[in-house]
2 protein chains.
Amino acid sequence: MPSVVCSDASSDPLEPLFFPRAVAVVGASAVAGKRGYKAVQGLIEAGYRGAIYPIHPREEMILGRRCYRNVEELPGEVDLAVICTPAATVPGLVEECGRKGIKGVVVIAGGFRESGPDGERLEEALLTAAQKHGVRVIGPNTSGMFNLTIGLDLLGLRGVRPGHVAFISQSGNMLLSLVLEAQYHGELGFSIYVGPGNQTDLGFNDYLRFLGRESHTRVVTMYVEGFRSGQRFLEIARAVSRHKPVVVYKSGATEAGKVAARSHTGALAGSYSMTVDLLRQAGVCLVQQSDEMLPVAEGLAAWNAAPGSRVAVLSDGGGQATIAVDRLVEAGLSLAPLEEGTVRRLASILPPQASLRNPIDVAGASDDNPAILAECLSILAQDDNVDALLLVGMFGGYAIRFGEQLMGNEMRCAETFAEWRKKHDKPLVVHSLYAPIKPPAVRRLREAGLPVYASIEHSVRVLQALAERGHHLRRCSEPDARHVSPQPCVREVFLRAAQEGRNPYEHEAKVALAAHGIAAGESVLMRAPEHVEQVLERFGDRPLALKIVSRDILHKSDAGGVRLDVRGREAIVESYESILASCRAYAPKADLHGVLAMPMAPKGVEVIIGMVRDPVFGPVMMFGLGGIFVEVLNDVAFRAVPMTRDDAESMLRQLRGNKLLHGVRGLPRVDEARVVDLLLQVADFVRAYPEISELDLNPVIVHEQGYAIADARFLLNPNVLPLEGEE
Amino acid sequence: MPSVVCSDASSDPLEPLFFPRAVAVVGASAVAGKRGYKAVQGLIEAGYRGAIYPIHPREEMILGRRCYRNVEELPGEVDLAVICTPAATVPGLVEECGRKGIKGVVVIAGGFRESGPDGERLEEALLTAAQKHGVRVIGPNTSGMFNLTIGLDLLGLRGVRPGHVAFISQSGNMLLSLVLEAQYHGELGFSIYVGPGNQTDLGFNDYLRFLGRESHTRVVTMYVEGFRSGQRFLEIARAVSRHKPVVVYKSGATEAGKVAARSHTGALAGSYSMTVDLLRQAGVCLVQQSDEMLPVAEGLAAWNAAPGSRVAVLSDGGGQATIAVDRLVEAGLSLAPLEEGTVRRLASILPPQASLRNPIDVAGASDDNPAILAECLSILAQDDNVDALLLVGMFGGYAIRFGEQLMGNEMRCAETFAEWRKKHDKPLVVHSLYAPIKPPAVRRLREAGLPVYASIEHSVRVLQALAERGHHLRRCSEPDARHVSPQPCVREVFLRAAQEGRNPYEHEAKVALAAHGIAAGESVLMRAPEHVEQVLERFGDRPLALKIVSRDILHKSDAGGVRLDVRGREAIVESYESILASCRAYAPKADLHGVLAMPMAPKGVEVIIGMVRDPVFGPVMMFGLGGIFVEVLNDVAFRAVPMTRDDAESMLRQLRGNKLLHGVRGLPRVDEARVVDLLLQVADFVRAYPEISELDLNPVIVHEQGYAIADARFLLNPNVLPLEGEE
């Protein structure tokens, strides 16, 4: 048995599938173009060094390899079988593979779950057979798999360069697209590809975990149409992205949220923007334009991360520098303010008309001496204010544009760039008008692993990805696994509500929050006019808000169920009576439980804090600016629970309207630290009570010294038994 | 004198410059690589058929052409001279050219205005010399010019394909970038290029006007760093874009607004977003990513416009259709709802697993019969609900992917597409994974003038540009040139304010508006407590707002200068006194003119209507949602004056928060027609009074039945003499 290169993930159960010692092709074909032909051909042409066993009932030889009649006949130890036969035959074949001790199968055929009830049964039979023998399954309905680090190519795509980018894709055409782009534009190569197909057994999560440990893979790229176990995916992505970039394109950007919900948080959850937030929280580099996938993967493979977001732009003149600056600023990057020493050193080598402040314009100095660009970049690289460098303009094309005599000079410059990675840890991204022409200097850079882009937009997108990854690596930490015990008094409240077939009343929700140290504010429930005495005893002559408490009235204001700025015995009693009268008129059959009296909230900024248990991603916190910001602009941030303090802080920063927290229009400057505390407390709280399916604190009035929770609403899921909290 | 092709713009003063009968190269050089060598070489290599006269003091021949000692020696009639000598020599040479009757010069040298006071004087001398003889000047400091329709190439860029796209660019490198991209990716060719340089004489406006009439040019593309006569540019762009697409990339997207201003409108004007709005109003196709310029120009050259925004997407499966749908919806396009007949006809030719609803997925049917795509597209083209078609996937690559035997079939399909334009006026945009490989089928489409894109994003961007252009062409009309006469009573008010060195008070501004039929609301100025009688007489017991009137107090609320909901004699007098007391305490030296009493505005949505005279673009109207929307989100729309009703209507639609006008959160649904009327009335009003430099109606409270102008402020420009209105 010839040995094959092994990954560092050698103890992984997926190891035998991606690094098999021998491969059987079930349903091998002698007919060119057939899937069972391409698989054998791919293995041979890609130089797979393990044994290749075509299985065919009649053929003696296929592509010069001896055929076997069936799985049972196979000689020696076979780790992987690729099954190219129709769906109906698959469960039986998997059974055979299991009996033979084969560890994994790749099932190409469609016609399973995706095709209806018959296919679903077939897929169940497949899984049963696989589980019986511990056979792991890639697919069914997969575009296939390759591992070019050992020449294992089950797809038979020709001319794919081996390299360091892995790809997991729910679309085979997306692989084709990336591969063609890579062939055409650069020197990017691929390590492992896998199409998860129906994910009957193995899925995104397993592949990502495996590729995170696989040593040839520097960047894991994914095309995802939908996640299944999203919560687990986030955990794995968080772990993998700590040491290797994970790039995801998630389709469905314009899908409407699908979660039917009664709360604000529920209505906004399940959206594409929620998925974006959660993936970013896990450290994923999310690309939102499909044509950015390859450039971003290439850039991250080359540089991994940037130490900061201050970029020095070096140009040979022209509009490109202007455009680059526009794009940099739009992308949240900044122009590095150069040290005086840097400016002096640049001045000593550049002509007087050069622009020495960032963006630096050499003003023609490179036209007859391209190598001056390397000198400039070396000077810039030593400036502590510079985190990354962007060269824009003609590099690679000087000899073409200004004469062949410049070729030597330009190639020397390319050599300096090629050495860059050994000397500097600051990313250098090169934009070249001549990139598509692939002149020698551009080829040299790419061979050295330095990407060169023809698009300024892509160059800047790569710098943005590097800076964001750097930021994430510096800030990320394990979410604090605080244990929060559920309180018996809270459980009692929930139990009573559940027995009465309703959700907790506002005052009950606030009691529950208060039991966990959350300042939910005091309130008094009036169930009779006489209760005014308790109200006065508790609140004196402070101005009060009075609100109806009813399981049947959701929109309290519409029902006339709210009175504000009420003060004094008489006014309180009058308001109490008139609230009940209005609500009775508004909804004659409504169960009116009482009227809640509480002090008016101080002046401040309305925010909304929510939680929803997403069916895919589990508990998710939401933060937004209240009122029209949420309702008109959907300006909200999401984070998966548990979250770190940095996660919570970044929710505030992320809002488009976050200026509102900093004191505009006479509003107070908000105590952001207290808001962050509250977000973390609520995240802990919901972990203790899995029976809360949605939570809405809306609005919370935040101000200079803290906050007031003006309203609180929980939705209970009657199907969740109270547990002893989530750990 | 050999004749050269002439444009349709033959009566244009720029005609002899772009279609010269003979060209002199002043400062011609025998040294390869020099500018004066390249110009001669470019003319010869591009096949210019007019006479070429190199001018050199000593050389006899350059590149086989006879040299002349100086301009005076030139034989025959020369229309154009390209001057390649240093700046200092230029004014004298222009003088010589003028004496010789040369109609235009291209001045390459830098070292004029852009280099300091000496250069500025040199540029003035250049202009004086030119104007003396009626010589028109391209440049100075220009990258040059070409007109490939007659082989007039003064740049000497090799391999640029002649075609139908003109380009005006403030950056020579942007030309290089487009040219290289065009050479590499497609079959796009160029008609005329010109670099405006310092625009001493001729500038953007002249070139755009000329190219608008020039018959070879189908699309005018521009790279602009800054406009000078922006108002005139908008007029020309509006006229040109009626019959040919104008594509503009405007750099400076992230520049902060530069206009120092005291009003809200002033603070938001002068921004990039204002420029974007005004260019779009003029029918310009604005691209905001530099790498979209070429694809968009190519698409507009091929299709000009789409009849609507409903797109049918046809795919051969895979993720590309999903991605395309995401991008289409993001771009404001929609998926065409197919007619039942269309679905039936598709069903009759596609396999049962195909997806027949838009996006249409042929589900493998094209793998062995690419030509089925042409059949599907023909069916879709006949559907009246379909305005444009997008093919995504592998087209062009079937023979590569599935075997050479498909080549004939695939080429037949390409032939059908190539015939498309003769049969249908619905744009067909083709995306192909294989576009970069340029297989024969892709080349065939491009030869037929059908662009093929490798990027889904670019494909959709082109469809968006076509739909927007179609929309503009259907809606655009000449702005109504209503004549509005200034009223003597208004002039009197302004004059008095000017004499007192102040701007009009709120009530004066409202009187001025009312004089032009704008419902500015009634108010009574109280200058003594006794004036309460007039207030009561006018408003009875309606609840009132009382506001300080003072030239020195800008922020009335901060000064305690506003009282709301005041009712009855006693309360009015008390409020009057306390407003004056507060303001006196707040600003002891302020001139307190009085207190204005007016009825409280009804409940509604706060909007802001403003006007500013932009130094570049002239009078510009602004519309935004009041309060935090303007202050936190800068959610405003701009339109140049004069404007059409459609312009005004589109201002409302454009706002991100425009949902607020449709009745959310208990707010009334706004009477949009009345708001539009008001915008048009204000636009007319400011045309009558050029002395108003800024105008702010902020807030205007709009509701179901109209609006109330709650505050009005005009800034007068003391340097503008009252004129008899602008015509």
Once the principal axes of the Cα atoms of the range B:453-570 are found, what is the range along each, listed largest first in whole angstroms?
77, 34, 31
Using amide H atoms built 1.01 Å from N in the peptide plane, name the residues 5+ places from residue A:171, or on other chains, whose amide H lies under 5 Å from its own.
none
Whole number please: convex hull volume per residue of the Cα set in the range A:323-475, in Å³?
109
One point scatterer per Cα, no solvent, Debye formula: log10 I(q)/I(0) for the protein assembly as shown at q = 0.04, 0.06, 0.08 Å⁻¹ comes out as -0.31, -0.70, -1.20
Sequence order, the range B:233-246: Karplus ³J(HN,Hα) from phi using 6.51 cos²θ - 1.76 cosθ + 1.60, θ = phi - 60°, Hz rounded, Gly and Pro as x, gives 4, 4, 4, 5, 4, 4, 5, 5, 5, 4, 10, 7, x, 10
Taking the Cα-to-Cβ direction at residue B:121 and at residue A:243 and moving 7 Å from each Cα, how far apart do the two end points lie in nm?
7.1
Convert each backbone phi in the range A:178-185 into a coupling constant with the Karplus relation 6.51 cos²θ - 1.76 cosθ + 1.60 (shift: θ = phi - 60°), then list the ³J(HN,Hα) values in order as whole Hz, x for Gly and Pro.
5, 5, 5, 4, 5, 4, 8, 9
Taking Cα atoms, how many degrees apart are the long axis of helix A:645-654 and the longest axis of chain A, rounded to 10 and kept between 0 and 90?
90
Mind running the shape call on the range B:1-130? Use the C-alpha gyration tensor, a ≥ b ≥ c as the square roots of the eigenvalues: rounded below 1.5 for a/c, prolate if a/b tops b/c, oblate otherwise.
oblate
FRET E, pair residue B:567, residue A:514, Förster distance 25 Å, beta-carbon r, rounded to 0.05
0.05
Starting from a label point 7 Å past Cα on the Cβ side, list the distances from residue A:226 to the same position in the other copies, nm, shortest first.
5.4
Amide H neighbours of residue A:68 at under 5 Å, excluding residues fewer than 5 places away on the same chain, with H built from the backbone geometry, are A:55, A:56
Under the 0.36 nm per residue contour assumption, what length would be gained going from the current alpha-carbon distance of residue B:273 and residue B:334 to full extension?
19.4 nm
Can you list the distances in nanometres, one decimal and ascending, from the residue A:215 label point to the identical position in each other copy, with the point 7 Å along Cα to Cβ?
7.2
Computed [θ] at 222 nm, helices only, for chain A once each DSSP H run of length n ≥ 4 contributes -39500 (n - 2.57):
-11000 deg cm²/dmol
Give, as ranges by residue number, the residues of the range B:495-518 whose backbone N falls under 11 Å from the point 7 Å along Cα→Cβ of residue B:551.
B:496-505
Angle between the Cα long axis of helix A:272-281 and the longest principal axis of chain A, 0 to 90 degrees, nearest 10?
70
Expressed as an acute angle from 0 to 90° and rounded to the nearest 10, what is the orientation of the C-alpha long axis of helix B:488-499 relative to the principal long axis of chain B?
80
Give the peptides A:187-197, A:624-634 in descending order of average Cβ contacts within 10 Å, highest first.
A:187-197, A:624-634
First measure r as the distance between the Cβ atoms of residue A:527 and residue A:477, then evaluate 1/(1 + (r/R0)^6) with R0 = 51 Å and state the FRET efficiency to the nearest 0.05.
0.60
Seen from all sides and averaged, what is the projected area of the convex hull of the Cα atoms in the range B:605-716, in nm²?
6.6
What FRET efficiency do you get for residue B:132 and residue B:158 if R0 is 41 Å and r is their Cβ-Cβ distance, rounded to the nearest 0.05?
0.60
Within a 10 angstrom radius of each residue's Cβ in A:52-58, how many Cβ atoms of other chains show up on average? Whole number is fine.
0
A correct Karplus calculation of ³J(HN,Hα) over the range A:13-27, with 6.51 cos²θ - 1.76 cosθ + 1.60, θ = phi - 60°, whole Hz and x for Gly and Pro, returns x, 8, 3, x, 6, 8, 10, x, 7, 8, 10, 9, 10, 7, x
Sorted from shortest, what are the nm distances separating the label point of residue A:351 from equivalent points in the other copies, each placed 7 Å from Cα along Cα to C-beta?
6.5
Given all pairs of distinct Cα atoms, chain B yields a Kirkwood Rh in Å of 29.5
At 0.36 nm per residue, minus the direct Cα-Cα distance, what do residue B:674 and residue B:60 gain on full extension? Give it in nm, one decimal, please.
213.5 nm
If the chain between residue B:421 and residue B:447 were fully stretched, how many nm would it gain, using 0.36 nm times the residue separation less the Cα-Cα distance?
8.1 nm
Separation between the residue B:404 and residue B:384 pseudo-spin-labels, each 7 Å from Cα along Cα→Cβ, expressed in nm?
5.0
Averaged over the residues of A:686-695, the number of partner chain Cβ atoms within 10 Å of each residue's own Cβ comes to 0
By a straight-distance test (C-alpha under 24 Å), which lysines pair with residue A:132 as possible cross-link partners, with residues fewer than eight away in the same chain excluded?
A:100, A:103
For the range A:589-633, report the translational diffusion coefficient in µm²/s to the nearest whole number, using Stokes-Einstein at 37 °C, 0.692 mPa s, and a Kirkwood Rh over Cα pairs.
236
Take the Cα radius of gyration of the range B:507-578 and divide it by 2.2 N^0.38 Å, with N its residue count; two decimals is plenty.
1.14
Translational diffusion coefficient of the range A:79-219 at 25 °C, 0.890 mPa s, Stokes-Einstein with Kirkwood Rh over Cα pairs, in µm²/s as a whole number.
158
For the range A:154-214, what log10 I(q)/I(0) values come out of the Debye formula at q = 0.16 1/Å, with one point per alpha carbon and no solvent?
-0.53
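Laboratory data are not the source of any read-out in this text; all were calculated from the coordinates shown. Treat the numbers as computed from the prediction; the structure is a model and nothing was measured. Neighbour counts are summed over all protein chains in view; Cβ atoms, including those assigned to glycine, are modelled from backbone coordinates with ideal geometry.
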